[in-house]
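See structure below.
Each value in this text was obtained by applying a stated rule to the coordinates, not by laboratory testing. Keep in mind that this is a model prediction, so the values were computed, not measured. We place every Cβ from the backbone using ideal geometry, glycine too, and count neighbours over all the protein chains shown.
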Amino acid sequence: MFPKGTKRKFSDSGEEAVSSGDQGPASPSVAARTLSSSYSLQRQSLLDMSLIKLQLCHMLVEPNLCRSVLIANTVRQIQEEMTQDGTWQIMTQALAAAQCPTDRLVATEVLCRQTDAAAQAGQSPKPYSVVGVEEGYHSEEVVMEGDVETDVTMSTLSPVSPQLSSASYLAGPFGMGPCWEEEEEDGECEEEEEEDSEECVSEGEEGDGDHLSADSRTGEQVFGTFEIKHPAPPPDPALEELFSDVDPSYYDLDTVLTGMQSAPKMGPYDLLDSLSSHGPTALSSSSSCRSDLNELDHIMEIIVGS
Amino acid sequence: MAGKLLFKGREKDPPHLVSDSHQFVFSADIISTVEFNYSGELLATGDKGGRVVIFQHEQESKNRPHLRGEYNVYSTFQSHEPEFDYLKSLEIEEKINKIRWLPQQNAAHFLLSTNDKTIKLWKISERDKRAEGYNLKDEDGRLRDPFRITSLRVPVLMPMDLMVEASPRRIFANAHTYHINSISVNSDHETYLSADDLRINLWHLEITDRSFNIVDIKPANMEELTEVITAAECHPHQCNVFVYSSSKGTIRLCDMRAAALCDRHSKFFEEPEDPSSRSFFSEIISSISDVKFSHSGRYMMTRDYLSVKVWDLNMENRPVETYQVHEYLRSKLCSLYENDCIFDKFECCWNGSDSAIMTGSYNNFFRMFDRNTRRDITLEASRESSKPRATLKPRKVSTGGKRKKDEISVDSLDFNKKILHTAWHPKDNVIAVAATNNLYIFQDKIN
C-alpha cells in the first residue's frame, strides 16, 4: 500500500480516535475535556507531519498551492485545538525554557548564511536537530505570533527564541517571495517581486475582501481569523523590528544552489549587522557543522519557508 | 463493456522513471488529461511530457458490423515544452493540465491545450492532396531556371497519403501567476475562461495579448489565504454564466452580466457539514477537485475526495444526489494524508444523456453510477483483467471483516494506480479511461 520505508506515524484505527475526539460542541471548560494521551500524541504527530509536508516542497517546480493551503489549514486547526486545550502553552514554554545561547547562534548563522553562502556552504548545521534530539519533541514546532491587529503567521520554531525562528519561516507557505510573486498587468509581462512586506511577520493588515476566509461552518473552530492571543513569552521588540522588513524573496534558492551570491540586497545584510551588534559573535559556532549537501538543502527549505 | 487497450508509445528522452508498483513507467508518459471532441469522433490525450495524442474513430468495418469502429492514432504533436522562469528560478512544467476542443466550424479541428502557465490554440488539419506541376519549381522542390520555362501549365491536385498537421495558431501567455487548473470554452464559441488557484481570466479566442480578469480571490495579505480555486467551467448554454469550485468544498455560480469583476457570486452552493463525521481531514476531503455541468445545463456535478455530488442549479443548500465513490477510505484518511494521496484530484464526467456519471478511484478502479436506477458498478482498467474484446467483470472492495472470493481488501489496494482522468463519448456508450500511462477505451457491445 505504501512505498517501502515509509514510516506510519500511527495506526489508522487510532485516527478514528482523533476524529471522534474532535467532535461535539465546544465545552465551556476546556480542561473538562478528557484527552487521552494517545489522542494528543496522534494530534502532535499529525501536526509534525503537516509541518514537514509544508517544508518539503519541490524545489525546482513551484509547489502546489492548493495542497499547501489545505495542509496549512490543518495545522491551524490543530493549533487552535491545542490552544484551547492549553497544551499549546505548555509546549511552547517547555521549548522556550530549553533554549540555550548556542542554539541562538546556530540559528543566527543559518539566517545570515546568505551573506557568504559559498564560504559557509555545508557548514551550517540543522537548526532544529538540536532541539529535536534533546527534548524528544519533533524538530519543528509552530509558533503563532499574535497581536490583536496583526495577522498571525505560522513560523517554525528553530532552537532560538520564537522571534528569530519566525524569520526563518517567514510568511508561511504562501508568502514566499520566489513563488508567489505578482505579475505586472500588461501585455509584455515582466514578473516583479513583491517589494512590500506583505509576507512579513509582525506587520500585517486585516485583509478585507477576503470573504472566503470567514468560514463559520466549522463551529467552534474558526480557521479564518488569526486573532489568537498567544500566551508566549513577550516578543523581543528589537528583533521584531529587524524582521519586519525582510522579504523572503531575498532568500533566493538559486543562490544556494549555485553557491554564488547575487547582487547584495538590503534585508539580509541589515539583518546580519543588527544581529551582530545585538548578540555575541554569531559566526563562530561551526563546531557542529556538517558539510552534507542534503543538510544545506534542508536548511534552505526552512529559510525559504517552502 | 468490451475493452480495448491502447498503448501510447514513447520516444522522448531522457526518460524519468517512476515506480509504478514494481513496474517502471516513463513519467513523461503519464496521461494528464483526456477529452472527446463535440462529435466524439476524436479523442485527445495530453501527458506529463507536454505531448498531445489524438485518436480518431475509424468507421465501422463491413466485415464486423457488430462492433463499433476502433480509435486509432490520428495525430501526435508536442504542445508544450518545459520552460524555466529565470526570475523565480523555478521550472515550469510542460505537463498538459487540460485539453478542450472547440466546436468544429470547418474541415479543420481546433483545440485548446494548457500547462501551468500558457494556453495554446492548436489547429489540426488534414492534407490528402498535393499540387503537382508547378511552373517555377521542380517536383523535388528545386527552383527552375526562369529562362528555361517555355510554356505554362496549371498545377493539378493529386491525391497523397493522408497527413495530419498540427500547428499552433494562438498562444495565450503571461496571464497567470499561479497554476492553471481549468480552461473552458464558452457557448458563444468566441471566448473561453482560464482559471488558476486564485484568479479566473476571460479570453477572446482571437486576442492573445489581453484577457479580462473576472474573478480574483487573492487576499491582500497572502498569509490570510485559506481557500483556492480548484476548477471552473462555463455553462453549456448560457454564455454569461460560469461556476468555480474551491478547496473548501463550495461552488460559486457567477453571472458576467452583473459586474465586470465577478467576485460576488450569484449563487453559492455548499452542503452543511455533518458534525458527527468531523475530523482534522474534513476540510481536505471536502475540497472539490472537479466540477462539470450536465449537458442539459440544469445540473452540475462536483467531485470531492470520497464522493460525487449532483447539484440542481436552483438549489444551493445541498446537492440533490450524492454518490459514495470509495467510502471505505474514510478510516484510512490519515495514511492517505501521509502518502499525499488525499490530495489526488479526481475528475468526473457525465454521459451524453446525463443519466449516468463516472469517476475514477484507486487500484485502477473506476466507478459508474446510473442516476435513474441508482445502481453503481466498479470496473478495473488493467491489462491483466481485461483482454481486448472481453467483457469487463465488476469488481468489489470488501469493507467488512469477511472477504468474499473475488473481492479485494482495502489494504491490498494499490494507491499508485489511480484513475484521475476519464471521459465519456458525447453521444455513444464509449468511455476513455486513463490509467497512469495507458489509455483504455471501452464500449458497449452492440447486440
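Taking amide H positions as modeled 1.01 Å from N, with prolines and chain starts lacking one, the residues under 5 Å from B:Arg169 and 5 or more places away or on another chain are B:Leu121, B:Trp122, B:Lys123.
When the square roots of the Cα gyration tensor eigenvalues are ordered a ≥ b ≥ c, the ratio a/c for the range B:43-188 is 1.5 or more and a/b does not exceed b/c, which makes its shape oblate. Mean partner shielding of peptide B:172-180, defined as the number of other chain Cβ atoms within 10 Å of each residue Cβ, is 4.
Could you work out the mean count of beta carbons from other protein chains within 10 Å of each residue's beta carbon in B:323-335?
Numbers: counts 0, 0, 0, 0, 0, 0, 0, 3, 5, 3, 5, 15, 9.
If you average over the peptide's residues, the count of other-chain Cβ atoms is 3.
The H on the amide N of B:Ala435, modeled in the peptide plane, is under 5 Å from the matching H of B:Tyr440, each at least 5 residues off or on a different chain.
Peptide A:67-77 has a mean shielding of 6, counted as Cβ atoms of other protein chains within 10 Å of each residue's Cβ.
Based on Cα contacts under 8 Å between residues 6+ apart, chain B shows a relative contact order of 14 percent. What is the Cα centroid distance between the range A:41-96 and the range B:152-200, reported in whole angstrom? So the two Cα centres are separated by 42 Å. Checked against a 25 Å cut-off, the cross-linked pairs B:Lys332/B:Lys405; B:Lys309/B:Lys387; B:Lys309/B:Lys427 give Cα-Cα distances beyond that limit for B:Lys309/B:Lys387.
Spacing of the modelled spin labels on B:Glu384 and B:Glu327, each 7 Å from Cα toward Cβ, amounts to 2.8 nm. How big is the gap, in Å, between the Cα center of the range B:393-442 and the Cα center of the range B:233-286? So the two Cα centres are separated by 28 Å.
Our helix-only sum for chain B, with -39,500 (n - 2.57) per DSSP H run of n ≥ 4 divided by its residues, gives a mean residue ellipticity at 222 nm of -500 deg cm²/dmol. Can you list the GluC sites (Glu not before Pro) in the range B:374-447 that are in a DSSP coil and have 16 or fewer other beta carbons within 10 angstrom? The qualifying sites are B:Glu384. Close amide H partners of B:Asp290, meaning residues 5 or more places away or on another chain with modelled amide H under 5 Å apart, are B:Arg303.
What nm value, rounded to one decimal, do you get for the distance between B:Asn213 and B:Gln238 when each label is placed 7 Å out toward the C-beta? About 2.6 nm separates the two model spin labels.
Net charge in the neighbourhood of B:Met163 (other residues with Cβ under 12 Å of its Cβ; Lys, Arg +1, Asp, Glu -1) is -1. With K and R counted +1 and D and E -1, the other residues having a Cβ less than 13 Å from that of B:Asn97 yield a net charge of -2. Shape class for the range B:85-149, computed from the alpha carbon gyration tensor (a ≥ b ≥ c): oblate, with a/c not under 1.5 and a/b at or below b/c.
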